[in-house]
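Everything below concerns the one structure shown next.
What follows draws every value from the coordinates through simple rules; no lab data is involved. Only a predicted model underlies this, so the values are computations on that prediction, with no experimental measurement involved. Every residue, glycine among them, receives a Cβ derived from its backbone with ideal geometry; neighbour counts consider all protein chains shown.
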């Protein structure tokens, strides 16, 4: 298993701060989510951090135990 | 009588923070002071305040009870 | 010397922090501090800041290093709350100590601009009983552009 | 609201002043403060600031009014020592509270630049047992030129 972490308004959309998912390619994983959530997670402004490091989304594959965080733009001052 | 007030390094030169003087024209009064002090008081950068108000020195005449302060440039930060 | 960088999950006392910081940097001559607090009296009932542990504190530390490298500082404090806050409570405190006043002002200003726009905090407000996420602001990008 | 402008002849507690000021302006959101203290560890044994009663405090009040008129501030504090000070003791504290961070930074910066160069204080330092008057600095004029 791997884990998705939702920050900011993405948490509201997902209904929880975290969600366990099967390891595997990110594309497959997104295809298995609710369409509204999957669309929000794929927005260009949402950045990704894999195990605490910012990563590009293209070709990403989650391994067992990975934590993938979805980071919407941070709030203004 | 009137009073002269010396600020900053002018106090050291005058040997006191204040000095009583006879009322009358400033020019006459300066002529009666030690030459080194008179010269320092006439420096272009020294400003004058008469009874708490900045004034020009040209033609100044002290009346009885007046306080004339000599203000050298203020110190830097 | 290293900067003091902290993420506080409980309220902190800004005046005590500033006092401690100023006494630790007596040789510096100038201490500039910025305190941000939850605005009172504008209908905000509560403010919540969420952070993401693996990024938020490391990001603040990186900002502190960049700031220390850019100006000759005697000391730098970056202290940020996360969690739930009430109106009037402190959110963020930045203190910069320097020999020259201008360096302390610039460093505190720079750190605040980048904290507001680059650091990993998501903020929501409760107004009229309902929570609202706070979006990024165009003004933040203008603030950043000042630093080239 | 009116600015709080004070000339202190005895030591003051800067962190208590900042705390009181910040609590008085909870609605403001941002509080910038500048604290200047006598630099320790540079051979200065004591610092003396002399003022001229009829000009010094009125000059500080005029600067406060100019500053309040120039930026939308919720509050402004200008507190300056005169008399004899030891290394590490506070000399000057300026606090500006504003709804917007940038206004508070600019106002505190402006007030400090003008306090340093325009206000009626004469300063001398004791080094190696001897007193030396501090002269005006070219840097102060450069600082002022920033404000147009």
ask   = Among all residue pairs at least 6 apart or on different chains, which show Cβ distances below 7 Å where the first residue, located in region D:39-60, is free of Cβ contacts under 8 Å to residues at least 12 places away in the same chain and the second is not in a loop (DSSP other than H, G, I, E, B)?
value = D:54/B:49
task = Just one of (1) away from every other protein chain (no Cβ under 11 Å); (2) surrounded by 16 or more Cβ atoms within 10 Å (Cβ to Cβ) trips up residue B:47, so point out which.
result = (1)
message = So for region A:31-40 (the condition being in contact with a helix residue (DSSP H, G or I) (Cβ under 7 Å, 6 or more places away or on another chain) and within 30 Å of residue C:113 (Cα to Cα)), does at least one residue qualify?
response = yes
ask   = Does any residue of region D:62-69 turn out to be touching a strand residue (DSSP E or B) at 6+ places or on another chain (Cβ under 7 Å), at the interface with chain B (Cβ under 8 Å from one of its Cβ atoms) and either closer than 17 Å to residue D:38 by Cα or buried (at least 18 other Cβ atoms within 10 Å of the Cβ) (or both)?
value = no
ask   = For region C:13-38, which residues satisfy the criterion of being in contact (Cβ under 8 Å) with a residue 24 or more places away in the chain, farther than 13 Å from residue C:79 by Cα and in a helix (DSSP H, G or I)?
value = C:22, C:24, C:27, C:28
inquiry  = Can you pull out every residue in region C:106-136 that is over 17 Å from residue A:47 (Cα atoms), surrounded by 16 or more Cβ atoms within 10 Å (Cβ to Cβ), facing chain A (nearest Cβ under 10 Å) and in contact with a helix residue (DSSP H, G or I) (Cβ under 9 Å, 6 or more places away or on another chain)?
reply    = C:112, C:113, C:115, C:116, C:124, C:133
ask   = In region C:75-105, what count of residues is obtained for those that are surrounded by fewer than 21 Cβ atoms within 10 Å (Cβ to Cβ) and under 30 Å from residue D:141 (Cα atoms)?
value = 4
